[in-house]
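Student: One structure is given below, represented as structure tokens, and several questions about it will come after.
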Amino acid sequence: MIIYNVTVNVDDSIRDRWLQWMLDEHLQAVMDTGLFKGYRFTRVMVEEETGTTYSVQYQAEDLESFKLYEQ
């Protein structure tokens with residue numbers, strides 16, 4: 001299994017809209033590619049001067065699936 005990790009710091013002024021987009025659209029669109037078996041979406045507990053940090057860990061069956069997604 002391959003883990004593709006994406007870490008994002010989101011400015012607090014757009015955080016609620018971004019979260020809604022992630023939950024309503026983006027995560028499902030990535031899963032709809034059929035290249036990932038699952039994901040974990042979490043808030044990262046880190047001290048930042050601005051914004052909130054999140055991590056998405058997509059689980060691919062193999063490296064070939066991840067490479068297809070990158071393309």
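Rule-based calculations on the coordinates, nothing more; no lab input. Fair warning: this is a prediction, and the values are worked out from it, not measured in the lab. Positions of Cβ are generated from backbone atoms using ideal geometry, with glycine treated the same way; all protein chains shown enter the neighbour counts.
Student: Under 8 Å for C-alpha pairs, at least 6 residues apart: give me the relative contact order for the range 4-71, rounded to a whole percent. Can you show the working numbers first?
Tutor: Details: 85 pairs, mean separation 29.5, N = 68.
Here the relative contact order equals 43 percent.
Student: Something else about it: Which stretch or stretches of the range 1-23 have amide N atoms under 16 Å from the point lying 7 Å from Thr42's Cα along the Cα→Cβ direction?
Tutor: Zone members listed by number: 3-9.
Student: Show me, for the range 44-54, the HN-Hα J-couplings you get by feeding each phi into the Karplus relation (A = 6.51, B = -1.76, C = 1.60, θ = phi - 60°), rounded to Hz, glycine and proline as x.
Tutor: 9, 7, 9, 6, 10, 5, 9, x, 10, 9, 10
Student: Report the gain in length on full extension from Leu63 to Ile2: 0.36 nm times residue separation, minus Cα-Cα distance, nm rounded to one decimal. Working shown, then result.
Tutor: Values: separation 61, 0.36 × 61 = 21.96 nm, distance 0.64 nm.
Going from the current span to full extension adds 21.3 nm.
Student: Tell me which residues come under 5 Å, amide H to amide H, from Gly51 once H is placed; ignore anything under 5 positions away on its chain.
Tutor: For Gly51, whose amide H was placed from the backbone, the distant partners under 5 Å are Asp12.
Student: Let me ask another. Using modelled backbone amide H atoms (1.01 Å from N, in-plane), which distant-in-sequence or interchain residues come within less than 5 Å of Lys37's amide H?
Tutor: For Lys37, the qualifying residues are Gln59, Ala60, Glu61.
Student: Here's another thing I want to ask about it. What list of ³J(HN,Hα) couplings, whole Hz, do you get for the range 57-65 from phi and the Karplus terms 6.51, -1.76, 1.60, once you set θ to phi - 60° and write x for glycine and proline?
Tutor: Result, ordered by residue: 10, 8, 9, 9, 5, 7, 5, 4, 4 Hz.
Student: Are there any GluC sites (Glu not before Pro) in the range 26-66 that are in a DSSP loop and have at most 15 other Cβ atoms within 10 Å? List them by number.
Tutor: Details: sites: Glu47, Glu48, Glu49, Glu61, Glu64; in loops: Glu47, Glu48, Glu49, Glu61.
Hits after loop and neighbour filter: Glu47, Glu48, Glu49, Glu61.
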